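Undergrad: Sending over a structure as structure tokens; questions will come in a sec.
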Amino acid sequence: MTAVTVVTDLDLPEIDYNQPGFGPETYHEQLAKAREHGWLAHSPLAFVVLDQESGDFFLRARQTAFPGRQIAELFGITQGPLYEHIDANILNLTGDKHRRLRSLVGHAFTPRAADRWRPVMRDFLAQLWAGLGGATRTEFVAAIAQPYPSRTIAAVLGAPIDDAPRLYYWSNMVQRQFDIQALSTQIPDIERAALEAREYVTQLLERRKTTPGADLISTLLQAEEQGDKLSRDECVDLVLNVLAGGVDTTQSQLAQALRLFAAHPDQWRLLASQPEQYAKPAVTEVLRTEPIAPFTARIVLEDIDHRGVRFPAGTIVAVCAERANREIDGDAFDIIAARDGKLFTFGAGPHFCLGANLARAELEEALAFLSSRMPDLALDGEPVLGGVEGIYNVESLPISWTPTSRT
Ligand code: HEM
């Protein structure tokens, strides 16, 4: 029999995001250093797996689940509307219940379903660009990265576009259920936002029932009407999850993309030379190099032995997409390199991001649109970066460019 060592008995490198030296400027380097020691590291709340194979294993293991309820309970959220919202979140569902929901809604999130929204995305980009009024410098996050995904989600849901700022606010607040800093101080605000968003989505569903359209809610309602299928509550919860998951993620990924390209002007010019050809590989390279969810987590439900290490029930494991993505192709940022690796940016296994195709379409449209209008994009000040523990956001990104014939 092979000997098994309990994970707590191992001497592991420490990844401590509370240390002053740990942050967006240093984290790639620190993770690379930890990886030199092996596939496993320790952090304040979790054991971190740093390679593809283990990441894939823990994301797919039947004996693991997303630890959303456990995190909530740590912060005293054990009942009430916020707990109910967290309890029903698709990310926290497991087994047959989760499988059934995914199979019912999968067809609404295919690449082809996402492609239908591309003309709308292009319209929003053109409106936001026109809103710059011919300027040749702007703070990119406020001007484009932030409003673009909430307008897109409004269109996808069939909500009035004027409601996009409200959707942005709710999405941003409700997502904080995953943010341990916010859970320490903002529970009443998060709960209020979850309640308001639920009320809004319920009314939207009622309206769509009487006036169906080509939007996601109308598609989901058809599944609701087919007998045993999607219940009203499931429909509301799912729309809430799409709203919460589909705004600050794409916003952050788009802002990270522009930051990366400002640092790699040759790559940006290449993209600008043939945006139709290069937008897709450019997005894949951005997703690979700077994943905005560098870590996701699982809780072990029953003891797991993996590579001679025992992970007892109750252990939290963080899966590091950032290291897993760089395992095959390294650190270089190159949009036309022939990459042949699996990406972990959208997770893996049963909870693989439901909105991945929509997010890719949004990012491709944005990069194609912007590169052809500002091929000499440059930084116009230091970017302000968010923390890497949750969604790795860009708070502010001053950029400048010179006008082209398309401006
Ligand atoms: C670049 C943008 C995005 C990134 C990087 C991203 C990342 C992720 C990741 C890593 C997961 C899996 C988490 C886990 O297994 O622990 C996930 C799940 C999910 N994402 Fe995304 N996401 C993005 C955009 C979107 C969009 C646009 C939507 C909605 C339209 C969306 C909706 C969801 C939903 C509903 C889940 C839960 C799926 C399930 O539990 O079965 N995401 N996302």
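The values are calculated or read from the model by the stated rules, or taken from the named source; none is laboratory data. These numbers were taken from a predicted model, which means no experiment stands behind them. Positions of Cβ are backbone-derived with ideal geometry, glycine not excepted, and every protein chain shown enters the neighbour counts. What goes into the accessible areas is simple: the full protein's heavy atoms, side chains included, and nothing from ligands, DNA or RNA. Shrake-Rupley method; radii C 1.70, N 1.55, O 1.52, S 1.80 Å.
Undergrad: Which of the residues belonging to the stretch 182-199 are in contact (Cβ under 8 Å) with a residue 40 or more places away in the chain and open to solvent by 20 Å² or more (accessible area, probe 1.4 Å)?
TA: The answer is 184, 187, 191, 195, 198.
Undergrad: Of all strands (runs of 3 or more DSSP E) completely enclosed by the stretch 302-399, which ones contain at least 2 residues that are over 30 Å from residue 93 (Cβ atoms) and more than 16 Å from the ligand (Cβ to nearest atom)?
TA: In the stretch 302-399, the matching strands (runs of 3 or more DSSP E) lie at 394-396.
Undergrad: Pairs, please: C-beta under 7 Å, at least 6 apart or cross-chain, first residue at negative phi and in the stretch 282-307, second in a strand (DSSP E or B) and near the ligand (Cβ under 9 Å from one of its atoms)?
TA: 295/319; 296/319; 298/319
Undergrad: Residue 263 passes all but one of (1) at pLDDT below 95; (2) surrounded by fewer than 18 Cβ atoms within 10 Å (Cβ to Cβ); which number fails?
TA: (1)
Undergrad: Related question: Kindly indicate whether residue 364 is open to solvent by 40 Å² or more (accessible area, probe 1.4 Å) and out of contact with any Ser or Thr (no Cβ under 9 Å at 6 or more places or on another chain).
TA: Answer is no for this residue.
Undergrad: Can you tell me which residues in the stretch 247-266 are touching a Pro at 6+ places or on another chain (Cβ under 9 Å), more than 13 Å from residue 385 (Cα to Cα) and of a type in the set (D, E, K, R)?
TA: 248
Undergrad: Still on this model: State which residue is least open to solvent (accessible area, probe 1.4 Å) when the search covers only the stretch 85-98 and only residues that are touching a helix residue (DSSP H, G or I) at 6+ places or on another chain (Cβ under 9 Å) and farther than 22 Å from residue 317 by Cβ.
TA: 85
Undergrad: Search the stretch 99-128 for residues being under 24 Å from residue 373 (Cα atoms), crowded, with 18+ Cβ neighbours inside 10 Å and more than 11 Å from the ligand (Cβ to nearest atom), and hand back the single one that is farthest from the chain's Cα centre (by Cα).
TA: Taking the candidates together, the pick is 128.
Undergrad: What's the number of the only condition in (1) part of a helix (DSSP H, G or I); (2) farther than 23 Å from residue 394 by Cα; (3) touching a residue at least 40 places away in the same chain (Cβ under 8 Å) that residue 134 fails to meet?
TA: (1) is the only condition that residue 134 fails.
Undergrad: Could you please give the count of residues in the stretch 64-76 that are more than 15 Å from the ligand (Cβ to nearest atom) and either open to solvent by less than 10 Å² (accessible area, probe 1.4 Å) or within 16 Å of residue 297 (Cβ to Cβ) (or both)?
TA: Residues in the stretch 64-76 being more than 15 Å from the ligand (Cβ to nearest atom) and either open to solvent by less than 10 Å² (accessible area, probe 1.4 Å) or within 16 Å of residue 297 (Cβ to Cβ) (or both): 4 in total.
Undergrad: Something else about it: Of these, 242, 247, 283, which one is under 11 Å from residue 335 (Cα atoms), within 14 Å of the ligand (Cβ to nearest atom) and surrounded by 24 or more Cβ atoms within 10 Å (Cβ to Cβ)?
TA: 283
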